[in-house]
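What follows draws every value from the coordinates through simple rules; no lab data is involved. Because the structure is a prediction, the values reported are computed rather than measured. Because the Cβ atoms are built from the backbone with ideal geometry, glycine has one as well, and the counts that use them run over all protein chains shown.
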Amino acid sequence: MSKCRSCGEPAVVDLPRHNANFCSVHLQQLCTRQVERAISDHSMFAPEDRILVAVSGGKDSLALWDMLIELGYRADGLYIGLGIGEYSEESHRITAEFADTRGLTLHTVDLRAEHGFDIPTAARATKRVPCSACGLSKRHIFDRETRRHGYDVLATGHNLDDEAAVLLGNTIRWDVDYLSRQSPVLPERHGFPRKVKPLIRLTEREMAAWCVVRGIDYVVEECPMAIGNRHAGLKETLNAMDERSPGTKASFYLGFLDRMAPLLRERTDAEAAPEACPSCGSPSSSDGMPCSFCRLEENAGSHEPVPVRMVLNRVARRAFDAQWGEESSDDRG
Amino acid sequence: MIVRLRQPRREVEIPGGRAAHAVLRDLGLSREGHLVICNGTLVPSDTMLADDDVVEIRPVISGG
């Protein structure tokens, strides 16, 4: 039986990149130390700051919220109802239950109730992939709610695998603008709140293990909109490399932050200040026109609601039918 | 033993007496992309799984 590297008790997980096994107690210690190091190394926030955590009901965001509370930070949650059928219903139930059982404050924004559209409808109305409308909507609402409630910083659950996959994608395209902006901290500027990613030193497997040993219920199933997307493919590629040579993902991303990002940083300082959107007042780079979110709202809000299944690719539709059942899928939207 | 898989949810029955990493390999699943939970407890990949175990193989990769 494997033993914990720290105490010799039976291990619950093997972490090849550390060439070690850990028990539940020392897995948690490893995770919280990595988060503390990320917060400190990148000056993400101070103990007195009020933090808004973007929570989706998935392992990363719930683990992040749990860790920040465990470390003594003042952290509340923000959940956005995206209208992705039963997937959204389950993620909302799990997130609300997490907050309730711990006595935490959870803010909720429902996209259809407040803006008249949901993600499947937005995808159909704009003829773009669902993840594009989803990302745009979430960024806009994250920024707005952080300002509205007076939080000092918005924290998201992007982990090492997320950031390494984005870095690989940007590198494959040699997209220097995106590479220069890829940072675990986006400072407050031009009306945008400070945004931080405290999980950048932890892998997806470590985050899932944190949730299991802490007894955190989370949505294990993938968002039906994201099944088989490019981002997941990049992660699988990196995981295949990591299995052959453990630590490759960490070396790739953390090495970028340490040695390459400083060389690219000066490019981001030349960014022009955005104007205020004439419709919602949020910062916008649309030259006096409504911001991207307001244009999406106008476009998708006038569209007939679209069921989830209708905007899935063939692979995602098969997985969706197997998970949620084909017969009732047309009732959801 | 009964092995529960996700995405989509399903069960397969396979012989025990093998290490968790061998089961993952036989099912074509990566160690880095999955956790193994045996009888409700998280276990390392070198854990020997028995015939009467109920094993959940939980994917950890998300595409969001």
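Observations
- Taking the inverse of the mean reciprocal distance over all distinct Cα pairs, the Kirkwood hydrodynamic radius of the protein assembly as shown comes to 22.2 Å.
- Comparing mean-square fluctuations of A:Asp76, A:Asp321, A:Asp118 from a GNM of chain A with C-alpha springs under 10 Å, the top value falls on A:Asp321.
- Ranked list, fewest to most other Cβ atoms within 10 Å of each Cβ, for A:Thr237, A:Thr126, B:Thr47, A:Thr101: A:Thr101, A:Thr237, A:Thr126, B:Thr47
- Relative contact order for the range A:164-264: 36 percent, from Cα pairs under 8 Å spaced at least 6 residues apart, divided by residue count.
- Neighbour counts of C-beta atoms inside 10 Å place A:Ile69, B:Ile2 in the sequence B:Ile2, A:Ile69, starting with the fewest.
- Centroid-to-centroid separation of the range A:10-37 and the range A:114-186 [C-alpha atoms, Å]: 29
- Exposure proxy ranking, count of Cβ atoms within 10 Å, fewest first, for A:Arg128, A:Arg147: A:Arg128, A:Arg147
- Cα-based reach from A:Lys235 at 17 Å (exclusive), listing lysines while leaving out same-chain residues under 8 positions away: A:Lys59, A:Lys249
- For chain B, taking Cα atoms only, Rg and Dmax work out to 10.9, 37 Å respectively.
- Bridging of A:Lys3 to aspartates and glutamates at a Cα separation below 14 Å is possible for A:Asp14, B:Asp46, once same-chain residues fewer than 8 apart are set aside.
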